[in-house]
Amino acid sequence: MGDRVRITDPEKLSLLYERFREVCLVEKEVWKEIFMPRDISQGPVRTNIQDRYEVEIDEPQIEAALDDNIVLGSIALGAAIQEYREHILFYRNR
């Protein structure tokens with residue numbers, strides 16, 4: 001197994017939090033993995049290539065709070081993610 005890399009870049013984190021919200025709303029539960037199109041800075045862009053990110057929430061009560069906000073909709077879940085963002089960690093395998 002490869003090493004995991006924690007994502008810390010603010011711009012990338014912003015995109016991951018948004019994607020996390022979208023996936024949770026669609027799946028109707030807190031989801032522990034998300035996929036994002038791979039960043040390609042040069043050459044042809046293939047939209048079917050995606051990177052897999054593992055999602056870790058470091059406290060069970062925060063995961064429960066996020067789960068409770070899913071049924072309240074996008075705005076409520078987005079606010080909860082914003083409030084607890086330091087407890088939501090994203091990792092990508094090398």
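Some values worked out for this structure:
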read-out: Qualifying residue in the range 43-56 (condition: aliphatic (A, V, I, L, M), in contact with a helix residue (DSSP H, G or I) (Cβ under 7 Å, 6 or more places away or on another chain) and either at pLDDT 95 or above or not in a helix (DSSP H, G or I) (or both)); value: yes
read-out: Single unsatisfied condition, Asp39 versus (1) open to solvent by 60 Å² or more (accessible area, probe 1.4 Å); (2) modelled with pLDDT of 90 or more; value: (2)
read-out: Residue match in the range 72-89 (condition: hydroxyl-bearing (Ser, Thr, Tyr), at pLDDT below 95, crowded, with 16+ Cβ neighbours inside 10 Å and under 14 Å from the mean Cα position of the chain (by Cα)); value: no
read-out: Boolean, Ala64 is open to solvent by less than 40 Å² (accessible area, probe 1.4 Å) and at pLDDT 95 or above; value: no
read-out: Whichever residue in the range 1-27 is in a loop (DSSP other than H, G, I, E, B) and charged (D, E, K, R) and, among such residues, is modelled with the highest pLDDT; value: Asp9
read-out: Unmet requirement for Val30, which otherwise passes all of (1) modelled with pLDDT of 95 or more; (2) touching an Asp or Glu at 6+ places or on another chain (Cβ under 7 Å); (3) in a loop (DSSP other than H, G, I, E, B); value: (1)
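The values are calculated or read from the model by the stated rules, or taken from the named source; none is laboratory data. Given the structure is predicted, the values throughout are model-derived calculations rather than measurements. Note that each Cβ is placed from the backbone with ideal geometry, even for glycine, and that neighbours are counted across all protein chains shown. Ligands, DNA and RNA are stripped out before the accessible areas are found, and what is left, the full protein with its side chains, is counted by its heavy atoms. Shrake-Rupley method; radii C 1.70, N 1.55, O 1.52, S 1.80 Å.
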